[in-house]
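In what follows, a single structure is set out as structure tokens and then discussed.
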Amino acid sequence: MSTEILHGHAEVVSEAHGEHHEGHHHEESFISKYVFSMDHKMIARQFLITGIIWAIIGGLFSVLFRLQLGYPDMSLPFLEDIFGRWAQGGRITPEFYYALVTMHGTILVFFVLTAGLSGTFANLLIPLQVGARDMASPFLNMLSYWFFFLASVIMFASLFIQTGPAAGGWTIYPPLSALGQASDGSKLGMDFWLISMAMFIVSSLLGGLNYITTILNMRTRGMSMTRLPLTIWAIFFTAVLGVLSFPVLLSGAILLLFDRNLGTSFYLSDIVVKGEILPNEGGSAILFQHLFWFLGHPEVYIILLPAMGMVSEVLSVNSRKPIFGYLAMVGSLFAIAILAFLVWAHHMFVTGLNPFLGAFFVLLTLLIAIPSAIKVFNWLTTLWRGNIRFTPAMLFAIGFVSLFISGGLTGIFLGNSTLDIHLHDTYFVVAHFHIVMGVASFFGMFAGVYHWFPKLYSRYLNNTMAYIHFWITLAGAYLIFWPMHYEGLAGMPRRYVDYSSWESFKMFADLNRFISTVAMIVFAAQLMFVFNFFYSIFKGRRLRTENPWGSNTLEWTTPIHPGHGNWPGEIPEVHRWPYDYGKDGREFIPQTEPIGKDESAHH
Amino acid sequence: MAELTNDQSRRIHPYKFTLWVAMGSITMMFAGLTSAYIVKRNQANWAMLELPVIFWYSTAAILLSSVMLYLGVKAFKERRLSRYRTLISLTTLLGTLFLILQVIGFYQFGKQDIKLVGAGSNPSYSFLLAIASLHGLHVLGGVIALLVLFGKALSTKYRNYSSIPIEVAATYWHFVGLLWVYLILFFNWMR
């Protein structure tokens, strides 16, 4: 079995559903099929490919600023050829550096790991795994993608403005972001950023409404909530977090737009810019941080939870074992979703927050360790003595667990306000959130792409390239971010363009060069993945069986080329939970199979 | 396309459910704004709000429109279509009146030399403007939905007896009305 899946000569052609193909076949124009499609599977592909394009741009930006950090005294004339005065004399200017960092954060947090991840897999998996023809409202779902597209166009356009894109950090703290005269990056680029994010929030809300309604209302017969795959549970909590927290960011952004364009003073007070005294009085910059982080922290889990859900599914399928502690997994997702709303001020320990108030946020932050530890324990016990198949998806899922542990442990350091005051503005924070939120979520996303690619495109990705991709990315992630912990503990501050003239941190010059070199190699490996992705859409090995991974969930009961409506006949009925692997001597028992007479009790 | 099994028909209609989630989302936005207002109010340099009386007239208008719509939905369900048409157009007119009264209210601040935006403005009045105009946008959305329904009710080509669209619109309309009642009470208590 396992060798068939890994090296692929599975010729188990299933013709059972082939003859029903014509059932939902009706002529669709190119526009309604590929562009303004209301089919959730097509919308998922649109989200994924848009996300991939953004990931290339966001990743490229990190390569550019890593070039500067690794080789601060370089002079690369080709940079000046491309970027003009942004890279005068072949060196990245401080303004350009900050713009790059800002856009890198914005693009990867919102456009790739929120829209690209949730948008893709919520759209693909919710109707397929709960047993629905489509989303509750396919039209709103289509609008959700096109608002995202609009947001993308505006953000992309902001890269080409003369004064450059937004450059106040992805958190766009006022007063810097509110005052155009303060820096080039706070001029037109910031307005574009805010408008683009407003469109993005609309897109997320429309999507989230649909996800929640579909999960709660459109499940097929027999699909009770406790029979849902963990992917769906994770996406459900993600959507709830998004629907409740994005509106708060929107209100913060609207007030910022008022301050920028109408001369109000929500966030501004007693400011002098370039010798000019501003008339604004009575505002509070900290107010913005509260509004921002009330979204900003749930946003971390909006990014991470879908990855956790997919990893749970992939680990169970490829261990050929039931997930360990299904209800504990659901409960810990719930606990994380609740706690996500109660910890936002741990991003603000160094803003002069009252230390007594901080103590509560320290306690609540450290509480997150409990559900996180439950999840890690359950993943490891799912793997324990499993009959593991090391498919590329499985490798990425295991990699996710590894990264989540490494990055999660440093979260315990940072959750303590006393330690955070020392570490907050150093590379320690950069290392922490890149591992636990950035790379880990990317690993979850890659696990999802490798696992469900056959459902998306009816072909497989190339395995050789997949294994190379995995090992370079895993080793690279640790080689890039592990040393940053040491730099941070030594006090090396983040957000600086050049450390070479700084006596205390000169000793890290070689280390920085090493990190930059690895970053470029890892970026090249991602380009190879992108090549593999697009090549395999057209030339990949064909899928010849409906259920290539021997999986229990409903999406693998659809035809190899599912039409709009997913199932040619009736929607299948569900009789059991999705994790009956290795039960009663059988390798797997699909959810659609009724409970047998002499079947042993539910695990 | 969606096949409603017996099981599903007993559940709440997906569109209605979507609306409830959306209303939760909108509530979060205004909760965020009013919390920001409370935080700001406890800091230095806060001017006490003085609301012109016209905002109470607009409150009356939007409450009355809700009553009209309530009766309109009832008329629709009883298949009394001409009564429904009258009531829904009254609702739309009252909703529009609400918006007009709000705008006039904000112009009155100008006459009293209270600045809402720009140099010399106090965040308290800016908050009022920002929150009330965001609420106004939500009302405008409701008015547009009502206009669409009104157009459908006039059409002789299509007869639609499903009460789902009108019920969804009505729930939303009552929601934005209640939201305004919350806001004006909030602005009066938290001056």
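For this structure, a couple of remarks:
- Residues of the stretch A:244-277 classified as within 22 Å of A:PHE294 (Cα to Cα) and either assigned to a loop (DSSP other than H, G, I, E, B) or β-branched (Val, Ile, Thr) (or both), total: 6
- Flag for A:ALA525 being at pLDDT 95 or above, surrounded by 15 or more Cβ atoms within 10 Å (Cβ to Cβ) and within 30 Å of A:HIS424 (Cα to Cα): no
- Of note, A:PRO594 satisfies the criterion of being of a type outside the set (Lys, Arg), touching a His at 6+ places or on another chain (Cβ under 6 Å) and assigned to a loop (DSSP other than H, G, I, E, B).
- Whichever residue in the stretch A:70-102 is among the small types (Gly, Ala, Ser) and touching a residue at least 12 places away in the same chain (Cβ under 8 Å) and, among such residues, is nearest to A:ASP184 (Cα to Cα): A:ALA99
- Verdict on B:ILE104 being surrounded by fewer than 17 Cβ atoms within 10 Å (Cβ to Cβ), under 30 Å from B:SER163 (Cα atoms) and free of Cβ contacts under 8 Å to residues at least 60 places away in the same chain: no
- Test: B:TRP173 is surrounded by 15 or more Cβ atoms within 10 Å (Cβ to Cβ), closer than 21 Å to A:ILE254 by Cα and among the hydrophobic types (A, V, I, L, M, F, W, C): no
- Residue check for B:LEU63: within 17 Å of B:VAL181 (Cα to Cα), modelled with pLDDT under 95 and surrounded by 15 or more Cβ atoms within 10 Å (Cβ to Cβ): no
- Helices (runs of 4 or more DSSP H) fully within the stretch A:50-136 that include at least 3 residues being of a type in the set (Val, Ile, Thr) and either modelled with pLDDT under 90 or within 30 Å of A:ARG219 (Cβ to Cβ) (or both): A:120-130.
- Residues in the stretch A:545-603 that are charged (D, E, K, R), in contact with a Lys or Arg (Cβ under 9 Å, 6 or more places away or on another chain) and within 14 Å of another protein chain (Cβ to nearest Cβ): A:GLU573 only.
- Residues (at the interface with chain B (Cβ under 9 Å from one of its Cβ atoms) and either part of a helix (DSSP H, G or I) or of a type in the set (Asp, Glu) (or both)) located in the stretch A:278-287: A:GLU281, A:ILE286, A:LEU287
- Residue match in the stretch B:138-153 (condition: closer than 19 Å to A:PHE258 by Cα, within 13 Å of another protein chain (Cβ to nearest Cβ), touching a residue at least 60 places away in the same chain (Cβ under 8 Å) and touching a Lys or Arg at 6+ places or on another chain (Cβ under 7 Å)): no
- Residue match in the stretch A:347-368 (condition: farther than 26 Å from A:SER251 by Cα and among the small types (Gly, Ala, Ser)): yes
- A:LYS375 vs. criteria under 17 Å from A:PRO306 (Cβ atoms) and touching an Asp or Glu at 6+ places or on another chain (Cβ under 7 Å): no
- Residues located in the stretch A:206-240, provided they are touching a residue at least 40 places away in the same chain (Cβ under 8 Å), more than 30 Å from B:LEU128 (Cβ to Cβ), within 11 Å of another protein chain (Cβ to nearest Cβ) and in a helix (DSSP H, G or I): A:ASN210, A:TYR211, A:THR213, A:THR214, A:ILE215, A:ASN217, A:ALA239, A:VAL240
- The stretch A:517-544 residues that are over 16 Å from A:TYR467 (Cα atoms), paired with ones that are buried (at least 16 other Cβ atoms within 10 Å of the Cβ) and β-branched (Val, Ile, Thr) (beta carbon under 6 Å, 6 or more apart): A:VAL518/A:ILE480; A:ALA519/A:ILE480; A:MET520/A:VAL63; A:LEU543/A:ILE560
- In the set (1) more than 26 Å from A:LEU357 (Cα to Cα); (2) at the interface with chain B (Cβ under 9 Å from one of its Cβ atoms); (3) touching a residue at least 40 places away in the same chain (Cβ under 8 Å); (4) touching a Leu at 6+ places or on another chain (Cβ under 8 Å), the condition left unmet by A:PRO247 is number (1).
- Near pairs, Cβ below 6 angstrom, 6+ apart or cross-chain, from the stretch B:107-133 (in contact (Cβ under 8 Å) with a residue 40 or more places away in the chain and within 9 Å of another protein chain (Cβ to nearest Cβ)) to any residue that is in a loop (DSSP other than H, G, I, E, B) and of a type in the set (Ser, Thr, Tyr): B:PRO123/A:SER265
- Residue within the stretch B:45-57 that is farther than 30 Å from A:PRO279 by Cβ and either touching a residue at least 24 places away in the same chain (Cβ under 8 Å) or within 14 Å of another protein chain (Cβ to nearest Cβ) (or both) present: yes
- Lone unmet requirement of (1) modelled with pLDDT of 95 or more; (2) within 13 Å of chain A (Cβ to nearest Cβ); (3) closer than 17 Å to B:VAL53 by Cβ for B:LEU97: (2)
- Residue among A:ALA393, A:ALA431 that is of a type in the set (Gly, Ala, Ser), in contact with a Gly (Cβ under 7 Å, 6 or more places away or on another chain) and crowded, with 23+ Cβ neighbours inside 10 Å: A:ALA431
- Only listed residue being surrounded by 16 or more Cβ atoms within 10 Å (Cβ to Cβ), touching a residue at least 40 places away in the same chain (Cβ under 8 Å) and more than 14 Å from chain A (Cβ to nearest Cβ), chosen from B:TYR37, B:TYR15, B:TYR84, B:TYR70: B:TYR84
- Scan of the stretch A:27-49 for residues that are of a type in the set (A, V, I, L, M, F, W, C) and not in a helix (DSSP H, G or I), ordered by number: A:PHE36, A:MET38
The values are calculated or read from the model by the stated rules, or taken from the named source; none is laboratory data. Everything numeric here is computed off the predicted structure, so don't read it as measured data. Neighbour counts are summed over all protein chains in view; Cβ atoms, including those assigned to glycine, are modelled from backbone coordinates with ideal geometry.
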